[in-house]
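Read the structure below first, then the notes.
Derivation of every value follows stated rules applied to the coordinates shown; laboratory data play no part. From a predicted model like this one, the values you see are computed outputs, not experimental measurements. With ideal geometry, Cβ positions are generated from the backbone for all residues, glycine too; neighbour counts draw on all protein chains shown.
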Amino acid sequence: MKLIDFTTMGFKNLWRRKLRTVLTMVGVAIGAFSIVIMLSLGIALRDSYTKQLEEWGSLTLVRIESYSFEYDEETGRGIEKKNKLDDTMITKLKNINHVRAVTPLLQVECYLKSGKYQAYASITGIDPDVAQYFDLPKVEQGEMISNDNPTAVLFGKNTVNFYNPRSNNIFGYTNENPVDLMEDNIKITFDEIYGEKANPKYSKLIVSGVMEESNSEMGYANYAPIEQVKKWYKEKQKNNKDSKKSQELTYSTVLVSVDDTAHVVEVQDQIKALGFNSYSRADELDNVTEISNTIQLVLGGIGAVSLLVSAIGIANTMIMSIYERTKEIGVMKVLGCVVTDIRKLFLFEAGIIGFLGGLLGLAISYGISFILNKYAPEIGGQLGISSGSNISVIPAWLCFAALGFSVVVGMISGLYPAIKATKIKAIEAMKSNG
Amino acid sequence: MKQENNKNTTIENVSNTDNTPIIEVIDARKIYKVGNEKVLALDGVSFTINKGDFCCLLGSSGSGKSTLLNIMAGIEKITSGQVFIKGQEVTKMGENKLAKFRQKYLGFVFQAYNLVNSLTAQENVEMPMIFKEIPSKKRAAKAREMLIKVGLKERIKHKPSQMSGGQQQRVGIARAFVADPEVVFADEPTGNLDSKTSEEIMDIIKQMAKDKNQTIVMVTHDPTMTRYANKVIEIHDGKLISIKEGEIH
Ligand SMILES: Nc1ncnc2c1ncn2[C@@H]1O[C@H](COP(=O)(O)OP(=O)(O)O)[C@@H](O)[C@H]1O
Ligand SMILES: [Mg+2]
């Protein structure tokens, strides 16, 4: 038999049992729909998590935190660490394969004053030459910091809250920030205001610019070139009588930018070999992926069970049809139909039920997905999906996979009936009953 | 090749038969086992049928005629003995080889017509040609031609349920002859029909077979039907009683 004849004969056979065919298809459709929708929820969940992570910070950033002292677990006494995060270590880090840039972060506290208002601020030193790799928010006003203008500070949006110490309001804060960083005259001091120094030494604050508002972890900070911050830091230490004689400066935080997400783990291993623990968003992404895979597995499993039920439905329908068509199959054999053609015909019919059922299931899935995304975003909130993200996402691969899977399920369900059909003997055609 | 030559020579032949055996049955025996019981349906039957013969297998009900026909056509397994059609041992063929053999050489007319109810007359007639993988245009044309030949010009697109028994059997005949088989088997083809319709049906079968010098093997319990045959093989209780030859008409 030719393919075209299988097709027409198969469709005719399905058509003559319309109701049963359609009901079986609906079974498949429900199965396919369950799988697709369940997986689409899982996919949406992961998409949303990934997006959130990316918002918080680049996935290619690796953060090393280290303290020059740590506590010995047994004695409880402080011991000095062998590996220090100093400038020599930074050079070593820069030489790791796939490392794009390295910068230490050094924080120094200061006070700002503008007219009757004052504010506390923290300035973070960063290497301005490679700052573009570290995910700073865009500069909204003014310009980026540079070594040419080392004392100029780049402020994060809303990181400095000026208040009036003499205000009646207990906290002294007003709703509106009373000082415009770009416009107003501001003075800065690194001296402790409440410390022993009664007359802090103010100098003029040079503002390089203000960054955009951002959810990124790098967004809530103020930046100045690292070399300048080191100077401020040392100056501050000199004034502090408690602090011991400063030796070489060690950093508590160093950021490493990796050229590609795929190399983050490799770089982290290298950092580990140098004696430091490091953290990256990629670690978290792994966790998220794992969680979302588990969720998808569970949800997909629920869908798979319903598809299994529909597979039984297909098998049932096909077996019923064998009983009805026993004589017909006998006649076909007498008329010269080869066994393989009978098998193929049954597999084809079962496959078509699977295919059309899958198609119907997909149509329903897209419909439900659309409705969910449009009218039920609060469900997404409960699932931990950030607002604005879809709660059901059906990527193209899922669409094709569901369709292929339905066909395969159909054909597998049709396998036993098909084999059973081929066993029908030609003599059935000669029996007078039926 | 051989088959083609045969055809050409026989078409020119005025006589219906040419004395070359097309079917040989040698000591055919069939035993049915029903539980522990054994039913001897055929008890060592031997005969030959020549090309172009219209052969009647005559016998009362339960005599084993149908069993004999089914064994000759490879529809049932023989217990012992041999059947040759066109020199090929049908009784030794596997299922696939049998299917191909039937496609090529055999046609069937059934007592209960056995049309597919969901298909039109034309589609039913096309069926054997579908298995033979004949292109659909050629198939449709041939099926229509056959239906016109059996007098169903007006019924080509009708479903079996819209036709009388006689009409359905005409479709059955068209289906049996459409692929130009060399042998057509018919088990009581008029068994479900009244005598007038039976006559019409028999005339059609006879005419069809004559046109292309095809061999007919027909089972009947009705002695009056033998008037269409030139060879009558009578069996009783699975045994061969007599073989009568010559134009009995
Ligand atoms: N499948 C079968 N199983 C058991 N016995 C059978 C079977 N088919 C036929 N028979 C028996 O074989 C004998 C011949 O049957 P059959 O060839 O159908 O007779 P006929 O066609 O001449 O009426 C009968 O006795 C019948 O009961
Ligand atoms: Mg019989």
(message) As a footprinting exposure proxy, order A:Ile427, A:Ile145 by other Cβ within 10 Å, with the fewest listed first.
(response) A:Ile427, A:Ile145
(request) With only alpha-carbon atoms counted, please give the Rg and Dmax of region A:217-332, in Å. (result) 32.5, 108
(message) Based on Cα coordinates alone, diagonalise the gyration tensor for the protein assembly as shown, multiply each eigenvalue by 5, take square roots, and list the semi-axes in whole Å, largest first.
(response) 98, 25, 20
(request) Grab the beta carbon distance between A:Lys138 and A:Leu308, set R0 = 60 Å, and tell me the FRET efficiency rounded to 0.05. (result) 0.70
(message) For B:Val39, what residues show an amide H to amide H distance below 5 Å, using hydrogens built from the backbone and excluding near sequence neighbours?
(response) B:Tyr32, B:Lys33, B:Val34
(request) Using a cut-off of under 19 Å, list every residue of region A:322-342 whose amide N is near the label point 7 Å from the Cα of A:Leu19 along the Cα-to-beta-carbon line. (result) A:322-325
(request) Give me the number: length gained by fully extending A:Leu53 to A:Ile371, i.e. 0.36 nm times residue separation minus the C-alpha to C-alpha distance, one decimal in nm. (result) 111.8 nm
(message) Which residue fluctuates most in the GNM of chain B (Cα springs below 10 Å): B:Asn50, B:Asn70, B:Asn96?
(response) B:Asn96
(request) Per residue of region A:141-153, in order, report the coupling 6.51 cos²θ - 1.76 cosθ + 1.60 (Karplus, θ = phi - 60°) as ³J(HN,Hα) in whole Hz, putting x for Gly and Pro. (result) 10, x, 9, 5, 5, 8, 5, 6, 10, x, 8, 6, 10
(request) Could you pull out the pairs from B:Lys65/B:Lys210; A:Lys327/B:Lys244; B:Lys86/B:Lys153; B:Lys38/B:Lys65; B:Lys132/B:Lys157; A:Lys425/B:Lys153 whose alpha carbons sit more than 26 Å apart here? (result) A:Lys327/B:Lys244; B:Lys86/B:Lys153; A:Lys425/B:Lys153
(request) Could you tell me what percent of the DSSP beta bridges with both partners in chain B are antiparallel, to the nearest 5? (result) 55
(message) Through the Karplus equation 6.51 cos²θ - 1.76 cosθ + 1.60, θ set to phi - 60°, convert the phi angles of region A:101-111 into ³J(HN,Hα) values in whole Hz; use x for Gly and Pro.
(response) 7, 9, 9, x, 10, 10, 9, 9, 8, 8, 10
(request) Under a 10 Å cutoff between Cα atoms, tell me which one of B:Glu95, B:Glu188, B:Glu126 has the largest fluctuation in the Gaussian network model of chain B. (result) B:Glu95
